[in-house]
There are 2 protein chains.
Amino acid sequence: MQTQPLPGFRDFYPAEFAFRAHLFETWRRVCRRYGFEEFDGPPLEPLELYTAKSGEEIVGQLYNFEDKGGRSVSLRPELTPTVARMVAARAGGMKKPIRWFSIGQMFRYERQQRGRLREFFQLNCDLMGEPGPLGDAEVIALAIDLVRAFGLEADQVRVRLSDRRVLQALLRGAGLTAEQLPSAYAVIDKLERMKPEQVADIREDRDERFGPGVGARLLEVAALRGWPDVQAALAKVEGGAEAGAPFAEVLKALEAMGLAGFVDVDLTIVRGLAYYTGTVFELFDAGRSLRAIAGGGRYDELLKLLGGVDLPAVGFAIGDVVLGELLKERGLVPPAPAAIEVFVAGVTAEDQPHVLQLAHLLREAGLRVEYALRAENLGKQLKLADTRSARVAVVIGPDDRARGEVQLKDLAGKTQRAVALARVADDVKAMVADG
Amino acid sequence: MQTQPLPGFRDFYPAEFAFRAHLFETWRRVCRRYGFEEFDGPPLEPLELYTAKSGEEIVGQLYNFEDKGGRSVSLRPELTPTVARMVAARAGGMKKPIRWFSIGQMFRYERQQRGRLREFFQLNCDLMGEPGPLGDAEVIALAIDLVRAFGLEADQVRVRLSDRRVLQALLRGAGLTAEQLPSAYAVIDKLERMKPEQVADIREDRDERFGPGVGARLLEVAALRGWPDVQAALAKVEGGAEAGAPFAEVLKALEAMGLAGFVDVDLTIVRGLAYYTGTVFELFDAGRSLRAIAGGGRYDELLKLLGGVDLPAVGFAIGDVVLGELLKERGLVPPAPAAIEVFVAGVTAEDQPHVLQLAHLLREAGLRVEYALRAENLGKQLKLADTRSARVAVVIGPDDRARGEVQLKDLAGKTQRAVALARVADDVKAMVADG
């Protein structure tokens, strides 16, 4: 019999689910602090939603099929087309800026390799309707706080930040034509993964791609690090100061928020996708041993292209897989909570209805409670309480009932005391809260 | 441009998402009180997982297809086959009884009609490894508490409870053969939807289905209501007392838990599915104007059949759609929380870095905070605070800064007072907690 999930898919047993819930709950808490509201779309969408954005070549990576009504449909590989569709359907009635986040499962038919899954969860955050740099800063700060909330600090995680407008001004200043820019972005995006001789080819213009001397200047631009150097370079090119103004505002805002220590200005970050129009950023572990944790930027034309609504937007996505690996590597996984807090046990068979009544009373008080589902002696019941890591055992027997009492056992401290029935819920709650 | 989701699929805008989150969070809270632990499986599974349980005819209702590796796969129409698969993969290492719950989206290609969706969310609860009646009672109590937690009481929601063993003993006593039982279950399952002449056909045995007089006695059995009448009928048939013993234990346990008031013993509840072996139950709104809210029972053979692990089990599923309709009908939908609690405003342009710093400080304290993302005068900023339903505005200007203070505005009470910077977070928290 088949007991494994499909290749590239995960089963979340309670321990794995608890870790996933920790990620999602932390993400939710931080997003809400920024006034972001949660939404969700369907995991199955019309195929054209994805081909309209990424072209027919995306289909090779999709879980797409024809449904029983003859519609071409696909499991979602990403959320942005759904966001564009949903905003387009109601844009007129929504207050701007729109602050939305969503946590959902995405599906990509990737070639099978170690650590490559075919499903993953992704948090998407989008701020729509605000073109100014404070919008960018707000979203970058949110991305930083999303990892800080797990205990990752500036020595463990870095934001690599660039701006397409800055890069464009510097590349034009370096002698590239407007037509060469897409090709230049593609080169810069791949620089880190290139072999030295490939980099030399560009520097020497051996492939006559950018023109004599231009390739070398392109590499100089890509090598710029830190705002002072970028700013100095901008000062030397036409329109440079103007192109750099929003970026400077973003950096100033992050400084005011106390988050500048996380940020590296790094012009090699261009992001592969064609649709970014301003800031672009990626989050990495400081040692760069893992893939990017998150990535995003400003895409002021995309919603119009996809959904027909002309709204400037800035946003990012963060997945559960790389962040999860990093947290495990750094020992930042909290222990899963015990399944129950209280175990109710009876001394004799006649106590059973009282056990049920008491268990239900404690559940009504909000406590997590179990009891033996078959007749067992007290020793076995208390062993069961241990197995389930209960904090407290409540024991009821004929003598206790005669006195209107129960026995409360602290299963950690191994102490025991009698408590009046009317006080059980409050006393147990206090013990549980205590540790 | 396409702005609508696929037919039968839903978009969850923030208001709809908040209601869905209210359902899920309430379900989680109640399940945890019963010691149930959350898990999840993949939404896409091998097709054979479903055909093995339900036969090839299920395929007409599935979102099934061939993936790019040539595998026959399907979006999950239900969770039980996944549960069986996951338990089979690890059964040996898991403590019994296993108490599991899961909240997930299911997909069925249903014919399009009003109120019929093609996706829905479902809470599945399963107690595995315990054959005794206290297991049944535990699971039925959980189902009741899951609706009680939304404010639905015994005058609004009813559990219709039966037991296949009881029904079988009474039907055999009524003269049905073992071979006729499946046919009898099918008739009883449909009784409520039959026309009077169809019922008369059975009573008079016009279709010669059950034999002379047997059809009439079958209807008498199905008409039994309440434990005293069922118990009296059982006393008259061979093996009746024995067949009724577990059911009596279940009822006694629900009585001890204080939940008997929700329960109607009703032998017309058989549940369509062949695999139930003991108790069967459905939850309905008391007026029965809606479809069943939840349904389940004991299925001691199913895990063995599906996953190869011989574990007795009892469980149920509850969907988001019918329960959601009922809660809306009864006015039991809580208002969605405001997106933010605090709005930070600056008096002059020079205050902006201080606004950012303060906003971040308040977010660090766990508050939900926004501020204007572009330069606006104070009046406009406070209007924005109103639009977002903020409870408190924190205003900072040059004079305040000179004194190391900010102004706290209670936006509901329209009061204002100066507070030292060091106390802002605590004071705002107190105001927000205050309502």
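A few remarks follow.
- Selection of the stretch B:49-92 for residues being open to solvent by 50 Å² or more (accessible area, probe 1.4 Å), modelled with pLDDT of 95 or more and acidic (Asp, Glu) yields only B:Glu66.
- Residue in the stretch B:227-235 that is touching a strand residue (DSSP E or B) at 6+ places or on another chain (Cβ under 6 Å), open to solvent by 30 Å² or more (accessible area, probe 1.4 Å), part of a helix (DSSP H, G or I) and within 22 Å of B:Ile144 (Cα to Cα) present: yes
- Selection within the stretch A:374-398 - free of Cβ contacts under 8 Å to residues at least 24 places away in the same chain and in a helix (DSSP H, G or I): A:Gly379, A:Lys380, A:Lys383, A:Thr387
- Yes/no for A:Lys95 being open to solvent by 10 Å² or more (accessible area, probe 1.4 Å) and not assigned by TED's automatic domain parsing to the domain that holds A:Phe247: no
- Within the stretch B:48-151, strands (runs of 3 or more DSSP E) holding 2 or more residues that are under 17 Å from B:Leu303 (Cβ atoms), of a type outside the set (Val, Ile, Thr) and in contact with a helix residue (DSSP H, G or I) (Cβ under 9 Å, 6 or more places away or on another chain): B:98-107, B:119-128
- In the stretch B:340-362, the qualifying residues are those that are among the small types (Gly, Ala, Ser) and in contact with a helix residue (DSSP H, G or I) (Cβ under 8 Å, 6 or more places away or on another chain), and the one that is farthest from the other protein chains (Cβ to nearest Cβ) is B:Ala345.
- Within the stretch A:18-39, the set of residues being among the hydrophobic types (A, V, I, L, M, F, W, C) and open to solvent by less than 10 Å² (accessible area, probe 1.4 Å) comprises A:Leu23, A:Trp27, A:Val30, A:Cys31, A:Phe36, A:Phe39.
- Number of positions in the stretch B:5-37 that are more than 19 Å from B:Ile144 (Cα to Cα) and among the charged types (D, E, K, R): 4
- A residue that is outside the structural domain of B:Ala84 (by TED's automatic domain parsing) and free of Cβ contacts under 8 Å to residues at least 12 places away in the same chain occurs nowhere in the stretch B:336-347.
- Residue within the stretch B:2-17 that is among the aliphatic types (A, V, I, L, M), more than 30 Å from B:Gly331 (Cβ to Cβ) and crowded, with 17+ Cβ neighbours inside 10 Å present: yes
- Subset of the stretch B:363-374 (residues that are touching a helix residue (DSSP H, G or I) at 6+ places or on another chain (Cβ under 6 Å) and more than 7 Å from chain A (Cβ to nearest Cβ)): B:Ala365, B:Tyr371, B:Ala372
- Scan the stretch A:110-130 for residues that are surrounded by 19 or more Cβ atoms within 10 Å (Cβ to Cβ) and either within 10 Å of another protein chain (Cβ to nearest Cβ) or hydroxyl-bearing (Ser, Thr, Tyr) (or both) and the total you get is 5.
- A:Ala88, sole failed condition from (1) more than 22 Å from B:Tyr13 (Cβ to Cβ); (2) touching a residue at least 60 places away in the same chain (Cβ under 8 Å): (1)
- Among the residues of the stretch B:410-423, those identified as surrounded by 11 or more Cβ atoms within 10 Å (Cβ to Cβ) and closer than 14 Å to B:Leu362 by Cβ are B:Val419, B:Leu421, B:Arg423.
- Flag not set for A:Val355, criterion: touching an Asp or Glu at 6+ places or on another chain (Cβ under 6 Å), hydrophobic (A, V, I, L, M, F, W, C) and assigned to a helix (DSSP H, G or I).
- Pairs meeting the criteria (first residue in the stretch B:221-244 and over 23 Å from B:Gly261 (Cα atoms), second residue open to solvent by 20 Å² or more (accessible area, probe 1.4 Å), beta carbons under 6 Å, at least 6 apart or on different chains) are B:Val237/B:Gly173; B:Ala243/B:Arg165.
- Of residues in the stretch A:31-58 being among the hydrophobic types (A, V, I, L, M, F, W, C) and within 15 Å of A:Leu79 (Cα to Cα), the one farthest from the other protein chains (Cβ to nearest Cβ): A:Ile58
- Scanning the stretch A:186-223 for residues that are farther than 18 Å from A:Gly175 by Cβ and not in a helix (DSSP H, G or I), we see that the one that is farthest from the chain's Cα centre (by Cα) is A:Lys195.
- Note on the stretch A:1-30: residues that are part of a helix (DSSP H, G or I) and either without any contact (Cβ under 8 Å) to a residue 24 or more places away in the chain or hydroxyl-bearing (Ser, Thr, Tyr) (or both) total 5.
- Sole residue being open to solvent by 50 Å² or more (accessible area, probe 1.4 Å) and at pLDDT 95 or above, chosen from B:Glu220, B:Glu197, B:Glu238, B:Glu204: B:Glu220
- The residues of the stretch B:275-300 that are of a type in the set (S, T, N, Q) and closer than 20 Å to B:Ala84 by Cα, listed by number, are B:Thr277, B:Thr279.
- For the stretch B:152-185, a tally of residues being under 12 Å from B:Arg298 (Cβ atoms) and not in a helix (DSSP H, G or I) returns 3.
- Conditions (1) exposed (fewer than 13 other Cβ atoms within 10 Å of the Cβ); (2) in contact (Cβ under 8 Å) with a residue 40 or more places away in the chain; (3) hydrophobic (A, V, I, L, M, F, W, C); number of the one not met by B:Leu176: (1)
The values are calculated or read from the model by the stated rules, or taken from the named source; none is laboratory data. On a predicted model such as this, the values are computed, not experimentally measured, just so you know. Using ideal geometry, Cβ is built from the backbone for each residue, glycine included, and neighbour counts are taken over all protein chains shown. These area figures cover heavy atoms from the full protein model, side chains too; ligands, DNA and RNA do not enter into them. Shrake-Rupley method; radii C 1.70, N 1.55, O 1.52, S 1.80 Å.
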